[in-house]
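The values are calculated or read from the model by the stated rules, or taken from the named source; none is laboratory data. Quantities reported herein were computed from a predicted structural model and do not represent experimental measurements. Ideal geometry is used to build each Cβ from the backbone, glycine not excepted, and the neighbour counts take in all protein chains shown. Surface accessibility is based on the protein's heavy atoms, side chains included, excluding ligands, DNA and RNA. Shrake-Rupley method; radii C 1.70, N 1.55, O 1.52, S 1.80 Å.
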Amino acid sequence: MNRMTAAVIAVAPGLLLVGCAPSADEDSAAQTTQPGLTVAEAKRVAQGVEDAIVARLPETMVSSVKQDATGVLIRCNANRGYQWTGQTVVTLTESTSPEIVVDEVLTAYEDDDEFRPRDITDSVGPGVQLLGPYSSGYIVDRRAENAVNVASFSPCFVLPEDSSPSIEY
């Protein structure tokens, strides 16, 4: 099992409970999906937010950035609602720790109107989750002592009947 698949498996249940659960005033799964969003557009949105998160980090913190070219779909509601999931790995400079990066992301998004930051630091390590529109979510957490993952979960969208949720996109 590759690291991306393991990350999706580890994080997806929490996002599904928090991100895709309809609120009390929502009466259908359609209200949790972004109208007209395609797989390609969902991927573009998610990778764009990954890029934006990295861009908010000072250049002095970042040694290198590698964004995965493909991702997988996870279900976000029972009516063919899916999210595109991907990740970017940020290798940090020698003087930067994952804890510093998580603090930087929390501060960078504290007054953001689109993404609500939430500290998800636990016994495994530092982490921050950004909750966005249409159940989208982004998680920045420790990958190694000198690297962080930026995992993305696109806005929820309806996958057409003629598309397979089982392939990489």
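Of all residues in segment 110-132, none satisfies being touching a Ser or Thr at 6+ places or on another chain (Cβ under 7 Å), at pLDDT below 95 and not aliphatic (A, V, I, L, M). Can you name every residue in segment 110-119 that is in contact with a strand residue (DSSP E or B) (Cβ under 7 Å, 6 or more places away or on another chain), surrounded by fewer than 17 Cβ atoms within 10 Å (Cβ to Cβ) and over 23 Å from Leu37 (Cα atoms)? Matches in segment 110-119: Glu110, Arg118, Asp119.
Restricting attention to segment 135-164, which residues are open to solvent by less than 40 Å² (accessible area, probe 1.4 Å) and not hydrophobic (A, V, I, L, M, F, W, C)? Ser135, Ser136, Gly137, Tyr138, Asn149, Ser152, Ser154, Pro155, Ser163 - these are the residues of segment 135-164 that are open to solvent by less than 40 Å² (accessible area, probe 1.4 Å) and not hydrophobic (A, V, I, L, M, F, W, C).
Condition check for Asp51 on (1) under 30 Å from Leu159 (Cβ atoms); (2) open to solvent by less than 20 Å² (accessible area, probe 1.4 Å): one failure, at (2).
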